[in-house]
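Asks: Here's a structure for you.
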Amino acid sequence: MTARAQVIGLAMASFLVVAGCSGGGLGGSGGPSGSSGAISDKTPVLDGKLSLAAPGGFCPDPDGSRSDDTSAFVLYGSCRAINGRGPEPAAPAILTAAVSGEQTLEGQDFGALTSYLETSEGRRALSRSGDSAEVSVKSIEQANNLILVEASDGGAREMAPDFWRAIFAQSGTLVTVTVSSLASAPLPPETAKSVTTDFIAAIQAANATTPPDATAATTEPDTSDTLDPTTVGTKPGALRAFFQRLL
């Protein structure tokens, strides 16, 4: 492993450990229900530098979330479980989003980090408990400034071992999202992967700088290669196409 990859890995390991610690309350709230459209309402973090959002039916849990001017951690659960109202999510998942305003990675850094995550130190960074022996990386994909990892961690007995994690750059910050499930209700891999890509898409949409209909009056949209969000991760080549449109 190169020195560059090791430095990046150590920085990421520190970030992911800090991201796993919750508390302190959100700096802002995106709304109570998450019922508007296909994604939840926006949750501003890092003093408004970035907005987080999740797929429809998921709402931020203020008791398990925190944000300041350099980092944020937001826990998402079912809106009905958190607020007592709102739509049910497509899958009974537990979502988290961690943001660092101080850690920034660029193209080649993501390649180095991908290699690092396959090492013992990288598996420790992915671990829920910090024990690399409990973690195995099932698959890892990297496209430009986004990494998608499927891993298994047997260290948290109340949680299903398998989880998905994505690490990507957004609006000058580094974002890590994780999709997990309870041991009593494990998600099928294809479902968890689809929720993960929907989670990424929700955050991308929440930080879009151009309204989606800004040119609708004068230009017909080109839909020749438009990806249906409901098929992300379920059709051959769909995930690759999805990454190309995000990045």
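Asks: For the pair Arg157 and Asp69, what calculated FRET efficiency results from E = 1/(1 + (r/R0)^6), where r is the Cβ-Cβ distance and R0 = 25 Å, to the nearest 0.05?
Replies: 0.10
Asks: Skipping prolines and chain starts, which residues have an amide H placed within reach, meaning under 5 Å, of the one on Leu52, given they are 5 or more residues away or on another chain?
Replies: Amide H neighbours of Leu52, under 5 Å, 5+ apart: Thr43, Val45.
Asks: In whole Hz, what ³J(HN,Hα) sequence does region 158-168 give by Karplus (6.51, -1.76, 1.60; θ = phi - 60°), x for Gly and Pro?
Replies: Karplus-based 3J(HN,Hα) across region 158-168 equals 7, 9, 4, x, 6, 8, 10, 9, 10, 10, 8 Hz.
Asks: A follow-up question, please. Taking amide hydrogens as modeled 1.01 Å from N in the peptide plane, which residues meet the under 5 Å criterion relative to Ser129, leaving out close sequence neighbours?
Replies: none
Asks: Stretch Ala185-Asp131 to full length: gain in nm at 0.36 nm per residue minus the Cα-Cα span?
Replies: Details: separation 54, 0.36 × 54 = 19.44 nm, distance 2.38 nm.
Computed gain between Ala185 and Asp131 is 17.1 nm.
Asks: To the nearest 0.05, how large is the calculated FRET efficiency for Arg85 and Glu141 if R₀ is 30 Å and r is the Cβ-Cβ distance?
Replies: After rounding to 0.05, the efficiency reads 0.25.
Asks: For region 88-198, with only Lys/Arg (+1) and Asp/Glu (-1) charged at the beta-carbon, what is the dipole magnitude about the Cα centre, in debye rounded to 20?
Replies: In total the dipole reaches around 140 debye.
Asks: Work out from phi, with θ = phi - 60° and the Karplus expression 6.51 cos²θ - 1.76 cosθ + 1.60, the ³J(HN,Hα) of each residue of region 169-182, listed in order in whole Hz, and give x for Gly and Pro.
Replies: Karplus values, whole Hz, x for Gly and Pro: 8, 8, 6, x, 10, 10, 10, 10, 10, 10, 10, 10, 8, 6.
Here, each number is a calculation from the coordinates, and none is a lab measurement. None of the values given here were measured: they were computed from a predicted structure. A quick note on method: Cβ atoms are made from the backbone with ideal geometry, for glycine too, and the neighbour counts reach across all protein chains shown.
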